[in-house]
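Down below is the structure, laid out as structure tokens.
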Amino acid sequence: MSLFEDIRDVLELEKNNIIGVPESEAVRGVQKTVGQFVKKAGLPDEIARRYIAFVEDEGLLYSSESYRDHFFHPFHVFLLGFRLLRELRLELSQWAISPFPLDDDFLKKWLLTSLWHDITYAAAKGPEWLSAFIQKRIEVLISVSQDWSPLMEKEDVISALESQASTFFDFDSNTDKTARKLTFQSWLNKQLLIWKDHGVLSAVVLLLDSKNWQQKLDDKMVNECALAIALHNYHIALSGERERGSTDDERPATKLGSLNIEDYQLAYLLAYCDTAQEWGRPSIRRTNLNITYDGVKVDKKNKNLQIFLEYDVTNGTDDTVRGEERKRIEKLQEGWVCNQWIYTIVQHIVKYIGEREVTMDKPHCGVCKIPEEIVATPPRNGFE
């Protein structure tokens, strides 16, 4: 039996524990399900324990009006990637070339990468939350910061990321190899020390933690997953959103340039699913927009996959929704070089329903924020 079938069976077995139940039960259900995923994949128990413990940090973060769920989110990200990979496996005869590897080894990497990609979100946002808390309690604005520079002094960790990145950023083929390597180092430093990027921080923590796991994983696998995690916000860095007013020459990501999807499918799949996974993640400040997942469609004729998201816009306009989503997709496109086949995946990421009331005729849990169909019934006849 393949890992794809094992994951399917776990979902079928546990779906009643995570859908249509109170939030506390949904949390426990997802925690149990993730634990079984990790066990079935033969991955170290520490991965599941790290993910399961994250929910304890969210209580603090939810005091911020701009905070969005990051506990159910990695679970959804994994399931979305799993759906895409599984659809490709089921329809393999219809595709000349698959954009992603479809074996158990890739699914195992995907499980680790998707579950871990936001694991340090609470730590990265901790100073920001503490500053807001102090201001709220004593009405004095006090800046709180965290110095992550000791992590950049871990030479073995940084060299692991550099070694993995050398292939995808063409360190060796470039005439000025040293300069290109220094540019990547500059990007890492800026992401972690200035922008406090949780992607790079999560990657560094993965490399550090994995050294102490009782069950050792292959270094090459860990390094590949770690760099994919570090790069999952790369398209944002490349777009210059965080550095408004700076020139292209002043941004390390611009000097490194875009990444080729075909060379690094794992990193692209993470950036893609992380961008697409918007349903069930309202923040207090964004209650006017409700996004629900409505399935994945395989378009055999045009060789693309479509993710359908329904937008229920109670305030604002459909144009606003389209504009927000378009910007997110454009950032993703800016960070990755796509061949024509894979480009269609990005282009067809969203089907806009428009400004109207959305009536869900399928079971949907508004508490645990897990649409029924993504767990229970993809494709229509179940997980067969």
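The values are calculated or read from the model by the stated rules, or taken from the named source; none is laboratory data. Bear in mind that the values here come from a model prediction, so they are computed numbers and not experimental data. Neighbour counts run over all protein chains shown; Cβ positions are idealised from the backbone, glycine included.
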Any chance segment 209-218 includes a residue that's hydrophobic (A, V, I, L, M, F, W, C), in a helix (DSSP H, G or I) and out of contact with any Phe, Trp or Tyr (no Cβ under 6 Å at 6 or more places or on another chain)? no
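So which of L85, L130, L151 is aliphatic (A, V, I, L, M), closer than 26 Å to I18 by Cβ and assigned to a helix (DSSP H, G or I)?
Just a single option satisfies the conditions, and that option is L85.
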For segment 44-82: of the residues being touching a Lys or Arg at 6+ places or on another chain (Cβ under 7 Å) and part of a helix (DSSP H, G or I), which is farthest from D219 (Cα to Cα)? L61
Single condition L208 does not satisfy, out of (1) more than 14 Å from V222 (Cα to Cα); (2) surrounded by fewer than 16 Cβ atoms within 10 Å (Cβ to Cβ): (1)
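Okay, residues lined up against (1) crowded, with 16+ Cβ neighbours inside 10 Å; (2) modelled with pLDDT of 85 or more:
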position	(1), (2)
V144	no, no
P150	no, yes
Q164	yes, yes
F171	yes, no
V204	yes, yes
N212	no, yes
Residue hits (segment 1-19; surrounded by fewer than 18 Cβ atoms within 10 Å (Cβ to Cβ), part of a loop (DSSP other than H, G, I, E, B) and in contact (Cβ under 8 Å) with a residue 24 or more places away in the chain) are S2
Of all residues in segment 173-197, how many are acidic (D, E) and either surrounded by 11 or more Cβ atoms within 10 Å (Cβ to Cβ) or on the phi > 0 side of the Ramachandran plot (or both)? 1
Between residues in segment 151-173 that are within 22 Å of A123 (Cα to Cα) and β-branched (V, I, T) and residues that are crowded, with 16+ Cβ neighbours inside 10 Å and at pLDDT 90 or above, which pairs lie under 6 Å by C-beta distance while being six or more apart or on different chains? V157/V204; V157/L207
